[in-house]
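Comments concern the structure below.
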Amino acid sequence: MSIVTVQLGQCGNQIGHEVFNAICSDIHGTHGLCSKKENESYRDACKERFFCEEESEVPIARAVLVDMEPKVISQTLSMAARSGYWKYDDRSRFCQKQGSGNNWANGYSVHGPRHKEVIMNLVQKEAEKCDRLGGFFTIMSMAGGTGSGLGAFVTQCLRDAFPTSFILNHVIWPYSTGEVIVQNYNSVLTLSHLYQSSDALLVHENDVIHKICAQLMNIKQMSFRDVNQVIAHQLGSVFQPTYTAEGGLHYSRNPLGDLMETLVPHPEFKMLGLRNIPQMPENSLAYSTFSWPGLIKHLRQMLIANAKMEEGIDWQVQPPRLGSSLPSSHSTNRPLHFNTSIANLVILRGKDTHSVDLGSFRDPSLYTSWLNPRDAFNAWKTPRAFNKYEKSAALVSNSQFLLKPLDNVVGKAWNMFASKAYIHQYTKFGIEEEDFLDSFTALEQVISSYTIL
């Protein structure tokens with residue numbers, strides 16, 4: 001089954017380009033560390049998922065590019081074409097001249113309705129090129145105007161036009177220090193609207209990725225491209241083909257459906273986080289060896305201590321002992337920041353994945369009490385290595401990991417709203433105070449649901 005990627009705004013288009021780059025360099029790499037037959041079936045599954053091959057031998061990304069300014073899209077198209085390995089379809093793009101001025105209301109209430117027909121026609125054409133459509137993967141930032149406002153609008157249109165298709169929104173969480181003055185308003189409005197129409201939100205926090213670039217990748221002069229490449233590597237480690245069943249003979253055909261079935265058991269809980277291990281500069285790989293028990297031990301502690309990378313994990317945090325009364329175990333563990341999960345998915349790639357012991361992730365004390373731990377944990381595997389790592393593991397988690405950032409964003413937005421700061425910029429495009437209040441209410445409900453896990 002194929003995935004149609006919808007790249008929205010400057011951030012969405014730049015990350016989308018890096019994702020296709022990472023996927024392409026992975027399938028063209030000679031570092032598969034597996035049999036030729038395995039490598040070919042992996043490559044075929046990947047191509048069906050992300051590319052369509054037409055007369056020109058160069059694979060064409062299954063993507064629609066949308067921005068309200070032309071500059072980034074034209075750069076993205078030419079960079080892809082220059083790579084020689086893959087390209088975008090020149091006809092699958094839509095851009096205007098004026099931008100959204102970091103105003104969510106402008107993207108959602110003005111650009112969205114005005115350009116709905118053209119954008120949805122492009123999506124429809126891309127969907128029709130798929131033999132079997134698995135769903136949509138949208139990439140967008142929450143801080144600006146186009147990615148967030150137009151992105152929320154396009155997601156609603158996708159839900160209306162394709163009611164039975166899966167929609168996964170990849171959302172970039174803004175730097176907490178601030179990118180634009182109204183980013184918290186834009187974030188609150190984006191999240192509350194996506195929560196209504198999306199099947200799940202996969203969140204990357206800029207602050208976290210920045211830290212990974214500085215501390216793990218050892219990058220001194222950091223650019224947005226460095227940040228985007230780390231994000232793309234993490235996304236590739238989830239979306240590249242895997243065997244979803246123990247002893248499976250075929251690569252999973254429905255990646256988005258499998259992801260939702262595994263991780264989103266209830267529509268109130270849609271926030272997914274992603275962690276990867278190991279992550280390091282390419283020139284360090286030759287001097288590093290990894291064992292599966294070590295990787296799994298670190299990954300589990302990253303989960304329960306809510307650490308986003310393998311450096312600086314708090315090893316003091318332990319799951320509550322089962323059998324102790326719930327309220328007291330929760331109150332004693334809260335100060336230690338124990339991160340309760342609803343569902344977890346571990347994806348293993350590389351040598352000897354069949355022999356890895358994942359019993360520690362099946363511990364019932366990691367999970368909320370209303371789900372059977374057997375249903376709450378899944379593992380996908382492939383002997384095919386990913387992007388030069390002999391062994392690598394990814395963890396996609398539906399847990400309390402986003403509670404603190406979400407609480408912060410809602411709190412800051414509420415403080416601004418209480419003093420009516422910048423509200424006039426939204427009301428002039430038709431987003432009223434009542435719409436803000438509805439969004440605050442929706443997110444308070446999400447916060448409350450995750451808090452009482």
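The values are calculated or read from the model by the stated rules, or taken from the named source; none is laboratory data. Fair warning: this is a prediction, and the values are worked out from it, not measured in the lab. Quick reminder, even Gly has a Cβ in these numbers, built from the backbone with ideal geometry, and neighbours come from all protein chains shown. For accessibility, only protein heavy atoms count, side chains too; no ligands or nucleic acids. Shrake-Rupley method; radii C 1.70, N 1.55, O 1.52, S 1.80 Å.
Under 16 Å of direct C-alpha separation, and excluding same-chain neighbours fewer than eight residues apart, K71 reaches these lysines: K97. To put it simply, the accessible area of the chain at a 1.4 Å probe is 51 percent carbon and sulfur.
What is the antiparallel percent of DSSP beta bridges lying wholly in the chain, to the nearest 5?
Antiparallel bridges: around 35 percent, rounded to the nearest 5.
Which chymotrypsin sites (Phe, Trp or Tyr not before Pro) from the stretch 351-453 combine a DSSP loop assignment with at most 15 other Cβ atoms within 10 Å? Within the stretch 351-453, the qualifying chymotrypsin sites (Phe, Trp or Tyr not before Pro) (loop, at most 15 other Cβ atoms within 10 Å) are W370, Y422.
Here the Karplus curve 6.51 cos²θ - 1.76 cosθ + 1.60, taken at θ = phi - 60°, turns the phi angles of the stretch 38-48 into couplings of 4, 4, 5, 5, 4, 4, 5, 4, 5, 5, 4 Hz, with x standing for Gly and Pro. Over the chain, DSSP H runs of length four or greater, each weighted -39,500 (n - 2.57), average out per residue to a 222 nm ellipticity of -13000 deg cm²/dmol. The stretch between K351 and D375, if pulled fully straight at 0.36 nm per residue, gains 6.0 nm over its current Cα-Cα span. Under the criterion of Cα pairs below 8 Å and six or more residues apart, the relative contact order for the stretch 168-211 equals 66 percent. Label-to-label distance for S74 and R43 is 3.6 nm, based on points extended 7 Å past Cα in the beta-carbon direction.
For the stretch 1-89, GluC sites (Glu not before Pro) meeting the loop criterion (DSSP other than H, G, I, E, B) and having at most 16 other Cβ atoms within 10 Å: E53, E54, E55, E57.
Shape class of the stretch 154-279 from the Cα gyration tensor (axes a ≥ b ≥ c, square roots of the eigenvalues): oblate, since a/c reaches 1.5 or more and a/b does not exceed b/c. Label-to-label distance for A161 and K388 is 3.8 nm, based on points extended 7 Å past Cα in the beta-carbon direction. With a cut-off of 12 Å between beta carbons, the residues surrounding A152 carry a summed charge of 0, where Lys and Arg count +1 and Asp and Glu -1. Annotation for E433 and A81: the two label points, set 7 Å from Cα along the Cα-Cβ direction, are 5.2 nm apart.
Computed over neighbours whose Cβ is under 12 Å from that of Q229, the net charge equals -2, Lys and Arg +1, Asp and Glu -1. Take T289: with every protein chain present and a 1.4 Å probe, its accessible area is about 130 Å². Under 5 Å between amide hydrogens, built in the peptide plane, is the criterion, and for W380 it picks out V346, I347, L348 among residues at least 5 positions away or on other chains. A 1.4 Å probe run over the chain, with the rest of the protein chains in place, finds 42 Å² accessible per residue. Contact order for the chain, expressed relative to its length and based on alpha carbon pairs under 8 Å spaced 6+ residues apart, stands at 18 percent.
In summary, the aspartates and glutamates within cross-link reach of K412, defined as a Cα separation below 19 angstrom excluding same-chain residues under 8 places away, comprise E179, E205, D207, E432, E433, E434, D435, D438, E444. Centroid-to-centroid, using Cα positions, the stretch 211-263 and the stretch 155-198 are 20 Å apart. The aspartates and glutamates within cross-link reach of K129, meaning a Cα-to-Cα straight distance under 17 Å and a gap of 8 or more places when in the same chain, are D44, E48, E53, E54, E55, E57, D89, D90. Of the chymotrypsin sites (Phe, Trp or Tyr not before Pro) found in the stretch 1-99, those in coil by DSSP whose Cβ has at most 16 other Cβ atoms within 10 Å are Y85.
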